[in-house]
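Contents: one structure, followed by commentary.
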Amino acid sequence: MTERSKIKSAYTRRDALRMMAIGGAAGLIAPNLLGRPAFAQTPPATPAGRVIVGISQEPTVFNPLMAHIEVDDGVHFSLFDALFRIAPDGSIQPNLAVEVPTQANGGISEDGLNWRIRLRDDVRWHDGEPFTAEDVKFTLELITNPDFRAWRTTGHSLVRDITVVSPTEITWRMEEVFAPYLSFLTETFIVPKHILEKDADPNAAAFNQAPIGTGAFKWGQRVPGDHVELVANPGYFGDGPYVERLIFKYIPDVTVLYTQFKSGDIDLVGQTYITPDNYEEARTLPGRVVSLVPASSVESIYLNLKRPQFKDLAVREALYAAMDRKAIIEGLYYGVPSLTETFMPRQSFYYDPDLPKQEFNLERARKILDNAGWVPGPDGIRAKDGVRLSFANSTTSGNHLREQAQQFLQQTFAEIGVEMTISNLPAAVMWGEFWSQSQFDTAMVGITYLIGADPDVTNRFHTRAIAAQGGSGSNNAQYSNPEVDALLEKGSRTFDPEARREIYFRVQELVRHDLPLLPLFANTSVYGRKEGIEGFVPNTNTRTESWKAADWYWAS
């Protein structure tokens, strides 16, 4: 194929995809990161009004320590508090604690093993009971209880000798140094001992459906399939809340979600935010504030490496070479996302910009498979040793851009003798055991790999984080590389940023070589809210737009 015909072919693909997309306009728009300035007016003295957040997946897990998906986080951040919180600039700040422990202030010993946390004395649970160090101890011990279905135990499993010194002070010893633990604690919401200790089975506690926290909002009600309603906590120890009610409205079809934003039925678009094909129109809507914010999540084709089709690296390399990512970004996503070769966010200090660049090349993809012995059968689908190169791809039903990307990839893969079927599921099914227990062949998924701003990805890539093999974590690709395991262990024991950078650069090199995931693009979120909502600030170090909904208020 000549260079001219290659270019023509690429543009034909992009043009075809653009015809599939709905609305919008072409071209990359320079991001206006925060829109209009926040805090332009004074918040009300007492909570007033409501904010309806539209989300495309339904929150269903309300115990923040149990396995859950990103959309649940908005509810968790509003109902609960952690010892610390991470700010938009990546700094860790006190929340239930009065200070962030460091080696300099004596909160962490010089060897990194002994920790001392001092707590606020003015915090109460939503039922009026005082929050104390006993709740922190109970929470940390619950997470590592083998009978409890904890979301993540990484870091927590190293905690030993938890001692309640007083109601406002707690100490513990780390079995080994774990540098990311402060970041992990920013997403470890503290739960009430006096409520949960009464239940023989915390997995089935009534608390899990009507939670009690210390956060700016209290539990109101859940209407399954429709919405979750939270109400203001007037006794909150921090700033806010400034709205009476916070409602998370479930709208599974992202096109309908955008339509309801246009019509004013929702006040703020949460995950999956405004789809890129609607950005150009959205930013011109009267009475709306719309902005682009670089996200920490990476959209990819996630492979289940225990499937026989994907055990051969050549297959993974060929599939990656057969992905016309530029056509997908420009044709479907209107240039809003950006190309990436790694799981690490581009804005991270630990991002490696020099990884090998993927090149879309169908001829090369065919040659890789030919050389590896994958031979086309009578139906055109390749096979080797009795294994057909056929697999299903799954994602959330109702996400039209993902569905269109699936159809495009399906057609492209067929050109190299690969059969990809599409099997999409409702969010509650897709991100339940089907996802967490690696029951999928492949998934189209956007994942935030970091916890806070820390580069540790043990939870995603370490062998012991494979839940489907009895581990604890979110290594749903069932990826296992001994060198990666060793590097992750070394990185978790290293405090020096430059030394850690070298370690995580190598992790990225290995993951890029092994291809447990095939990156499509680094996400850019299109945030949208009604004009008049003040106090809204994006935070790419969290997984939710509602990380600090306590600050939101309606301008008078």
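Where a number appears in this text, it was derived from the coordinates with a stated rule and is not lab data. Just so it is clear, the structure is predicted and the values come from calculations on it, not from any experiment. All Cβ positions, even for glycine, are placed from backbone atoms using ideal geometry, and neighbour counts span all protein chains on display.
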Where the only charges are on Cβ atoms (+1 Lys, Arg; -1 Asp, Glu), what is the dipole of region 297-524 about its Cα centre, to the nearest 20 debye?
200 debye
At 0.692 mPa s and 37 °C, Stokes D of region 75-134 from Kirkwood alpha-carbon radius, µm² per second:
253 µm²/s
FRET efficiency (Phe434, Arg160; Cβ distance; R0 35 Å; to 0.05) is 0.50
Among Tyr181, Ala414, Asn475, whose Cα lies farthest out toward the positive end of the dipole of the chain, if unit charges sit on the beta carbon of Lys, Arg (+1) and Asp, Glu (-1)?
Ala414
Helix 497-514: angle to the longest alpha-carbon principal axis of the chain, degrees 0 to 90, nearest 10?
40 degrees
Please report the net charge: other residues with Cβ closer than 13 Å to the Cβ of Glu58, K and R +1, D and E -1.
-2
So how strong a dipole does the chain carry about its Cα centre when Lys and Arg Cβ are +1 and Asp and Glu Cβ are -1, to the nearest 20 debye?
1240 debye
Taking the mean number of other Cβ atoms within 10 Å as a proxy for protection, how do you rank 290-303, 198-211 from highest to lowest?
290-303, 198-211
Which value in nm describes the separation of the simple spin-label points at Gln41 and Gln221, placed 7 Å from the Cα toward the beta carbon?
3.0 nm
Which FRET efficiency value, to the nearest 0.05, do you get for Gln209 and Thr102 by plugging their Cβ-Cβ distance into 1/(1 + (r/R0)^6) with R0 = 35 Å?
0.35
Within-14-Å neighbourhood charge of Thr421 [Cβ basis; K, R +1; D, E -1]:
-2
Square roots of five times the C-alpha gyration tensor eigenvalues of the chain, ordered largest first and given in whole Å, equal 39, 29, 21
Under a point spin-label approximation (7 Å from Cα along Cα-to-Cβ), what is the Glu415-Lys490 distance to one decimal in nm?
4.1 nm
Degrees between helix 133-143 axis and first principal axis of the chain (Cα, 0 to 90, nearest 10):
30 degrees
Does anything in region 425-439 have its amide N under 19 Å from the 7 Å Cα→Cβ label point of Lys306, and if so which residues?
430-439
Sort region 240-348 into rounded, prolate or oblate with this rule: let a ≥ b ≥ c be the square roots of the eigenvalues of the Cα gyration tensor; rounded if a/c is under 1.5, and if a/c is not under 1.5, prolate when a/b is larger than b/c, oblate otherwise.
prolate
On a full-extension model of 0.36 nm per residue, what is the gain between Ala499 and Val537, subtracting their alpha-carbon distance, rounded to one decimal in nm?
10.5 nm
Net lengthening on full extension, Ala468/Leu285 (0.36 nm per residue, minus Cα-Cα):
61.3 nm
With a point put 7 Å past each Cα toward its Cβ, work out how far Ala48 is from Asp121 in nm, to one decimal.
3.6 nm
When the dipole is taken about the Cα centre of region 116-184, and only Lys, Arg (+1) and Asp, Glu (-1) are charged at their Cβ, what size is it in debye, to the nearest 20?
240 debye
Taking Cα atoms, the helix 70-79 axis meets the longest principal axis of the chain at an angle in degrees (rounded to 10) of 10 degrees
By its C-alpha gyration tensor, with a ≥ b ≥ c as the square roots of the eigenvalues, how is region 324-403 shaped: rounded for a/c under 1.5, else prolate for a/b larger than b/c, else oblate?
prolate
Using packing as a proxy for protection, rank 453-459, 220-226 so that the peptide with the highest average count of other Cβ atoms within 10 Å comes first.
453-459, 220-226
Using a Förster radius of 25 Å, what is the FRET efficiency between Thr171 and Met66 based on their Cβ-Cβ separation? Nearest 0.05, please.
0.40
I need the shape label for region 299-360. Rule: rounded when a/c is under 1.5, else prolate if a/b > b/c, else oblate, with a, b, c from the alpha carbon gyration tensor.
oblate
